[in-house]
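Heads up: the structure comes next, in structure tokens.
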Amino acid sequence: MQNLDTLKQWVRESSRIVFFGGAGVSTESGIPDFRSVDGLYNQKFEYPPETIISHSFYQRRPEYFFRFYREKMLPLGFEPNITHRTLARWEEAGKLLAVVTQNIDGLHQKAGSKRVYELHGSVLRNYCTQCGKFYPAEFIRDCPGIPRCSCGGIVKPDVVLYEEPLDARTMEKSVEAIGSADMLIVAGTSLTVYPAAWLIRYYPGNRLVLINRDETSYDSYADLVLHESLGNVFSQLSDAT
């Protein structure tokens, strides 16, 4: 495959790679995505999922929110796949500047990546909205009803809900990394979630790679496009260092 050969060559020649990934990175670890035919947004619930995981719904119906969150959005017990592990090796080898991710599962860190910018937060971090004390994800999982801190405050997952802004510091670091990259790999994302999707516009180089099973509205902007599964691509990139 000519595009794959080109990608391998670019990876070998690059020393400041940034990887920007979405839900498709984690689906091959068994974590369901949101927007595919079988994804969360196409399942039937009492309320639309976008409503349930909004800030206003969380405030208005916290018990319902946490029941949904535990059942559908708390991906514990999953393992990193070939994509996560390859990226961690690239970072260790000094080829990868950073991972920018829309995922909240913490699998990049579990694979060994150190510089990970989590645009939408992480299920692994949870904090009391009253005193600020942090709790692990298992605390949320094992609490009946609304999880509460020892002080009585609600323990909220450190994930970005609809109607909430992205963390300014995380965005700043992501823009900085992408702006200094000599190669940007965008993978496993439909690039329909904003403002995250705008980040690729900060890439100034000529090695913008899009890897996604389906076409995206940004395909025409890319220097190289592969409509392939990430597992297939990264299993052939694992030795391209």
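Considering only residues that are open to solvent by 40 Å² or more (accessible area, probe 1.4 Å) and touching a residue at least 24 places away in the same chain (Cβ under 8 Å), which ones fall in segment 159-170? First the steps, then the outcome.
Start the filter on segment 159-170 by keeping residues that are open to solvent by 40 Å² or more (accessible area, probe 1.4 Å), which leaves 160, 162-165, 167-169.
Passing the criteria: Val160, Tyr162, Glu163, Glu164, Asp167.
Return the only residue of Ala98, Ala93, Ala88 being out of contact with any Leu (no Cβ under 6 Å at 6 or more places or on another chain) and more than 24 Å from Ala23 (Cβ to Cβ).
Values: Ala98 fails: more than 24 Å from Ala23 (Cβ to Cβ); Ala88 fails: more than 24 Å from Ala23 (Cβ to Cβ).
Of Ala98, Ala93, Ala88, the one residue that is out of contact with any Leu (no Cβ under 6 Å at 6 or more places or on another chain) and more than 24 Å from Ala23 (Cβ to Cβ) is Ala93.
Taking the condition of being of a type in the set (A, V, I, L, M) and either out of contact with any helix residue (DSSP H, G or I) (no Cβ under 8 Å at 6 or more places or on another chain) or at pLDDT 95 or above (or both), how many residues in segment 32-58 meet it?
1
If you go through segment 100-114 one residue at a time, do you hit one that is within 24 Å of Gly179 (Cβ to Cβ), at pLDDT 95 or above and surrounded by fewer than 15 Cβ atoms within 10 Å (Cβ to Cβ)?
Checking segment 100-114: at least one residue is within 24 Å of Gly179 (Cβ to Cβ), at pLDDT 95 or above and surrounded by fewer than 15 Cβ atoms within 10 Å (Cβ to Cβ).
Could you list, in sequence order, all residues of segment 11-28 that are open to solvent by 10 Å² or more (accessible area, probe 1.4 Å) and out of contact with any strand residue (DSSP E or B) (no Cβ under 6 Å at 6 or more places or on another chain)?
Taking segment 11-28 and keeping what is open to solvent by 10 Å² or more (accessible area, probe 1.4 Å), we get 12-13, 15-16, 23-24, 27-28.
Hits for segment 11-28 are Arg12, Glu13, Ser15, Ala23, Gly24, Thr27, Glu28.
Among (1) hydroxyl-bearing (Ser, Thr, Tyr); (2) in contact with a Phe, Trp or Tyr (Cβ under 7 Å, 6 or more places away or on another chain); (3) at pLDDT 95 or above, where does Ser14 come up short?
(2) is the only condition that Ser14 fails.
Taking segment 56-77, which residues are under 17 Å from Arg125 (Cβ atoms), surrounded by fewer than 18 Cβ atoms within 10 Å (Cβ to Cβ) and in contact with an Asp or Glu (Cβ under 8 Å, 6 or more places away or on another chain)?
Leu76, the sole residue that qualifies.
Given Cys151, Cys143, which one is open to solvent by 20 Å² or more (accessible area, probe 1.4 Å) and in contact with a Cys (Cβ under 8 Å, 6 or more places away or on another chain)?
Only one candidate qualifies: Cys151.
Hey, among the residues in segment 130-140 that are more than 20 Å from Leu76 (Cβ to Cβ) and either without any contact (Cβ under 8 Å) to a residue 12 or more places away in the chain or among the charged types (D, E, K, R) (or both), which one's surrounded by the most Cβ atoms within 10 Å (Cβ to Cβ)?
If we take residues in segment 130-140 being more than 20 Å from Leu76 (Cβ to Cβ) and either without any contact (Cβ under 8 Å) to a residue 12 or more places away in the chain or among the charged types (D, E, K, R) (or both), then Lys133 is surrounded by the most Cβ atoms within 10 Å (Cβ to Cβ).
Output yes when any residue across segment 130-143 is among the hydroxyl-bearing types (Ser, Thr, Tyr) and farther than 23 Å from Glu71 by Cα, and no when none is.
no
Would you tally the residues in segment 76-101 being touching a strand residue (DSSP E or B) at 6+ places or on another chain (Cβ under 7 Å) and not hydroxyl-bearing (Ser, Thr, Tyr)?
8
The values are calculated or read from the model by the stated rules, or taken from the named source; none is laboratory data. Keep in mind that what you see is a predicted model, and the values were worked out from it rather than measured. Methodologically, a virtual Cβ is constructed for each residue, glycine included, from the backbone with ideal geometry; neighbour enumeration extends over all protein chains shown. Side chains are part of the model used for accessible areas, which takes the heavy atoms of the whole protein and leaves out ligands, DNA and RNA. Shrake-Rupley method; radii C 1.70, N 1.55, O 1.52, S 1.80 Å.
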